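Okay, so here's the structure we're looking at.
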Amino acid sequence: MPAPREPLALVPRPLKLARRFGSFALGPGTAVRIAPGAEGAASLLRELLTPATGFPLPAAPDGEIILALDPALGGTGEEGYGLTVAPDAVLLRAARPAGLLHGVQTLRQLLPAEALLPGAVRAERWELPCVEITDRPLLPRRGFMIDVARHFQPVSWLRRLVDLLALHKLNVLQLHLTDDQGWRMPVPALPRLTEIGGVRAETLGDGVPHGGAYSTAELRGLIAYAGARGVEIVPEIEVPGHTRAAIAAYPHLGNDPARTLPVWTRWGVCDTVLGMGEESLDFVRTVLDEVMDVFPSRHVHVGGDECPSTEWHHSPSALDRVRTERLPGPDALRGWFLGQVGRHLAAHGRVPFGWSENGTDLPPGFTVLPWRDTDHGLAAARRGHRVITSAYRTSYLDYPQHPGPGEPPGQPGLLTLRQVYEADPVPPGWEPEAARQVVGRQAALWSEYAPTPAHLEYLAFPRLTALAERAWSPRRDWDDFGARLTRHRLRLDALGVRGADRFSDTPPTGEETG
């Protein structure tokens, strides 16, 4: 009688999976047959498997692992794939290169967790269980936003984060690059943005300066690194609110050009916002032109929320803009300004993307990320916006995941693993026309209370695993997910991820190498 087979515990769960008897032996002589268009997947396969196995996986016309683009798999879409593991061969096919990259991550998960270790593991061969998998995602955009404005993080850790997203088939990393507390995006025409706006004197009275900014070369390198793993980097530049750091660098951008302010040292919403003169519009266009030159992403996030209008009610230039544009009042300036920004991006072939506080506050043409309530997503969808759901009560990972005094600092409140999992990517009860406007789900991790990579990783995992599961798989089964997650934690352990009950401020070995 055959020995019982261990569960595969793939995360996220594939659309269709059939287990077969037998296994494929990956050994030192295993080679890869690479069809045209599959070169990127072959390179990723070697990069992921060779460090632990020591196997070179060379290209060969008769290789046992076959990677191929196949137009006949068009039904799997842009990111789907088909994977067959037989005793004598492995066949990975996809209609598009992104599907092959996802299939490589599935191959990686089929191996023992030790295959994810960063260093060599002594084993003469590695067993891949025989399977038949047909897979594709539920939603085309599955993302994670990381706030590097409030607490700067090194690009080496962002590369590590990209690898963790790719493992879970998340395909978007949104970088929150600017805010009241710091400006991290280099703009050669405006050097004071990072020289002055990138440094604050302290944080909440701690007396410790904090700063940092990325170079253009670092960002381009990160974009290329992520693209090779099927992850798109989306930049976020906050306007017209959350701009205190920019105004600290260039006071004439504010509503009182004679006033000099420092970069903000508090959390919350600052009432210092951009002025509404032509110089502010020119500033934003200059910044966005540089952003578009560095980031090839189709979407460019421009923030747009939490913008107090207090200063505009007293600013002569803002009131003049209200009269010139025949607006109903200063409160309408936010929408007008975002409309100008959106048109500039659209003229360059990009899609403006923004936070929405009620679902009706962003101009036409914006992709909307409603964060206060899922009903706001419905309002946006009914207006014709494409929607990416990210309600804070089920998607903001800066909330503690466990009650009790042992939990590291976080936002007041609680967001458990199960609450993240149970949130439907497309909320139930929406009419079909509105439901079709939902193109993704995204988690967010704001960094007020999480200054280090260690703390950020603790907050992200395993909750981000639950979001990835629900955004990819149409099946909802908490018990099944929990059983797979138990084994998946071994993979996270091998990667040095600090999940629940493993929080430490000590970086794992090799973290700084990405």
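The values are calculated or read from the model by the stated rules, or taken from the named source; none is laboratory data. Computed from a prediction, not measured in an experiment: that's the story for all the values here. As a convention, Cβ positions derive from the backbone with ideal geometry for all residues, glycine included, and neighbour counts pool all protein chains shown. Side chains included, ligands, DNA and RNA excluded: accessible areas come from the protein's heavy atoms. Shrake-Rupley method; radii C 1.70, N 1.55, O 1.52, S 1.80 Å.
This table checks each residue for (1) in contact (Cβ under 8 Å) with a residue 60 or more places away in the chain; (2) farther than 27 Å from A435 by Cα; (3) open to solvent by less than 10 Å² (accessible area, probe 1.4 Å).
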position	(1), (2), (3)
R125	yes, yes, no
P129	yes, yes, no
D135	yes, no, yes
S156	yes, yes, no
L165	yes, no, yes
L177	yes, yes, yes
M185	yes, yes, yes
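Give the residues of the range 284-320 that are under 22 Å from G365 (Cα atoms) and assigned to a helix (DSSP H, G or I), sorted by residue number. Full working, then the answer.
Residues of the range 284-320 under 22 Å from G365 (Cα atoms): 284-293, 295-307.
Answer for the range 284-320, where residues must be under 22 Å from G365 (Cα atoms) and assigned to a helix (DSSP H, G or I): V284, R285, T286, V287, L288, D289, E290, V291, M292, D293.
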Exercise. Among what's in the range 270-283 and is under 29 Å from the mean Cα position of the chain (by Cα) and assigned to a loop (DSSP other than H, G, I, E, B), pick the residue that is farthest from W336 (Cα to Cα).
Key: C270
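So which of D320, D293, D282 is closer than 16 Å to L177 by Cα and out of contact with any strand residue (DSSP E or B) (no Cβ under 8 Å at 6 or more places or on another chain)? Let's see the steps before the verdict.
Values: D320 fails: closer than 16 Å to L177 by Cα; D282 fails: closer than 16 Å to L177 by Cα.
Matching residue, one of D320, D293, D282: D293.
If you take just the helices (runs of 4 or more DSSP H) that sit entirely in the range 144-248, which of them hold at least 2 residues that are within 14 Å of the chain's Cα centre (by Cα)?
Result: 155-167, 216-227.
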Quiz item: If you go through the range 188-195 one residue at a time, do you hit one that is hydroxyl-bearing (S, T, Y), open to solvent by 30 Å² or more (accessible area, probe 1.4 Å), at pLDDT 95 or above and over 27 Å from G22 (Cα atoms)?
Solution: yes
Practice problem: List every residue pair whose Cβ atoms sit under 8 Å apart, with the two residues 6 or more apart in sequence or on different chains, where the first one lies in the range 11-29 and is under 22 Å from L49 (Cα atoms) and modelled with pLDDT of 95 or more and the second, anywhere, is part of a strand (DSSP E or B) and open to solvent by 50 Å² or more (accessible area, probe 1.4 Å). | Solution: P14/T134; S23/E127; F24/E127; A25/E127; L26/E127
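Out of R125, R142, R108, R93, report the one residue that is out of contact with any Gly (no Cβ under 9 Å at 6 or more places or on another chain) and basic (K, R). I'd like the intermediate steps shown before the answer.
Working: R125 fails: out of contact with any Gly (no Cβ under 9 Å at 6 or more places or on another chain); R142 fails: out of contact with any Gly (no Cβ under 9 Å at 6 or more places or on another chain); R93 fails: out of contact with any Gly (no Cβ under 9 Å at 6 or more places or on another chain).
From the options R125, R142, R108, R93, the qualifying one is R108.
Just a yes or no: is a residue in the range 379-391 over 21 Å from the mean Cα position of the chain (by Cα) and either surrounded by fewer than 13 Cβ atoms within 10 Å (Cβ to Cβ) or within 19 Å of P451 (Cα to Cα) (or both)? I'd like the intermediate steps shown before the answer.
So the first thing to find is which residues in the range 379-391 are over 21 Å from the mean Cα position of the chain (by Cα), and the list is 379-384.
If we keep only those that are either surrounded by fewer than 13 Cβ atoms within 10 Å (Cβ to Cβ) or within 19 Å of P451 (Cα to Cα) (or both) too, we end up with 384.
Yes: one or more hits.
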Quiz item: If you go through the range 25-35 one residue at a time, do you hit one that is open to solvent by less than 30 Å² (accessible area, probe 1.4 Å), in contact with a Gly (Cβ under 8 Å, 6 or more places away or on another chain) and part of a helix (DSSP H, G or I)?
Solution: no
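Does A123 meet the test of being in contact with a Phe, Trp or Tyr (Cβ under 9 Å, 6 or more places away or on another chain), under 20 Å from D493 (Cβ atoms) and either small (G, A, S) or not in a helix (DSSP H, G or I) (or both)?
Details: in contact with a Phe, Trp or Tyr (Cβ under 9 Å, 6 or more places away or on another chain): no; under 20 Å from D493 (Cβ atoms): yes; either small (G, A, S) or not in a helix (DSSP H, G or I) (or both): yes.
Taking the combined requirement at face value, the residue does not satisfy it.
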Quiz item: Looking at the range 243-278, which of its residues are open to solvent by 30 Å² or more (accessible area, probe 1.4 Å) and under 21 Å from G205 (Cα atoms)?
Solution: T260, L261, P262, T265, R266, W267, G268, V269, D271
Quiz item: Only one residue in Y396, Y421 is within 27 Å of W478 (Cβ to Cβ), surrounded by 15 or more Cβ atoms within 10 Å (Cβ to Cβ) and out of contact with any strand residue (DSSP E or B) (no Cβ under 6 Å at 6 or more places or on another chain), so which one is that?
Solution: Y421
Quiz item: Between residues in the range 252-281 that are under 15 Å from R321 (Cβ atoms) and residues that are open to solvent by less than 40 Å² (accessible area, probe 1.4 Å) and of a type in the set (F, W, Y), which pairs lie under 7 Å by C-beta distance while being six or more apart or on different chains?
Solution: L253/F283; N255/W312; M276/W312; M276/F337
Self-check item: Count - residues of the range 118-174 that are at pLDDT below 95 and either within 22 Å of Y225 (Cβ to Cβ) or polar (S, T, N, Q) (or both)
Solution: 2
Exercise. Might you check whether a residue that is surrounded by fewer than 18 Cβ atoms within 10 Å (Cβ to Cβ), of a type outside the set (S, T, N, Q) and without any contact (Cβ under 8 Å) to a residue 24 or more places away in the chain occurs anywhere in the range 115-123?
Key: yes
Self-check item: Pair list, Cβ under 6 Å, 6 or more apart: the range 371-392 residue in a loop (DSSP other than H, G, I, E, B), other residue buried (at least 20 other Cβ atoms within 10 Å of the Cβ) and not hydrophobic (A, V, I, L, M, F, W, C)
Solution: W371/S390; R386/T367; R386/Q437; S390/Q442; A391/T374
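Residue under question is T416, and the condition is that it be under 30 Å from F461 (Cβ atoms) and surrounded by 20 or more Cβ atoms within 10 Å (Cβ to Cβ); does it hold? Reasoning before the result, please.
Working: under 30 Å from F461 (Cβ atoms): yes; surrounded by 20 or more Cβ atoms within 10 Å (Cβ to Cβ): no.
No.
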Quiz item: Going by the conditions given, is V368 among the hydrophobic types (A, V, I, L, M, F, W, C), in a strand (DSSP E or B), buried (at least 16 other Cβ atoms within 10 Å of the Cβ) and out of contact with any Cys (no Cβ under 8 Å at 6 or more places or on another chain)?
Solution: yes
Quiz item: Within the range 62-79, can one find any residue that is touching a Cys at 6+ places or on another chain (Cβ under 9 Å) and open to solvent by 40 Å² or more (accessible area, probe 1.4 Å)?
Solution: no
Self-check item: Sole exception among (1) exposed (fewer than 15 other Cβ atoms within 10 Å of the Cβ); (2) touching a Pro at 6+ places or on another chain (Cβ under 6 Å) for P428, by number
Solution: (2)
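Report the residue count in the range 453-503 for those that are closer than 23 Å to L117 by Cβ and either hydrophobic (A, V, I, L, M, F, W, C) or crowded, with 17+ Cβ neighbours inside 10 Å (or both). Quick ask: steps written out before the conclusion?
If we filter the range 453-503 for residues that are closer than 23 Å to L117 by Cβ, which is where we start, we get 453-454, 456-458, 460-462, 464-465, 468, 484-503.
Still in the list and also either hydrophobic (A, V, I, L, M, F, W, C) or crowded, with 17+ Cβ neighbours inside 10 Å (or both): 453-454, 456-458, 460-462, 464-465, 468, 484-485, 488-492, 494-500, 503.
Here the count works out to 26.
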Practice problem: Test each condition in (1) of a type outside the set (K, R); (2) closer than 25 Å to R141 by Cα; (3) in contact with a Leu (Cβ under 9 Å, 6 or more places away or on another chain) for P71 and report the one that comes out false. | Solution: (3)
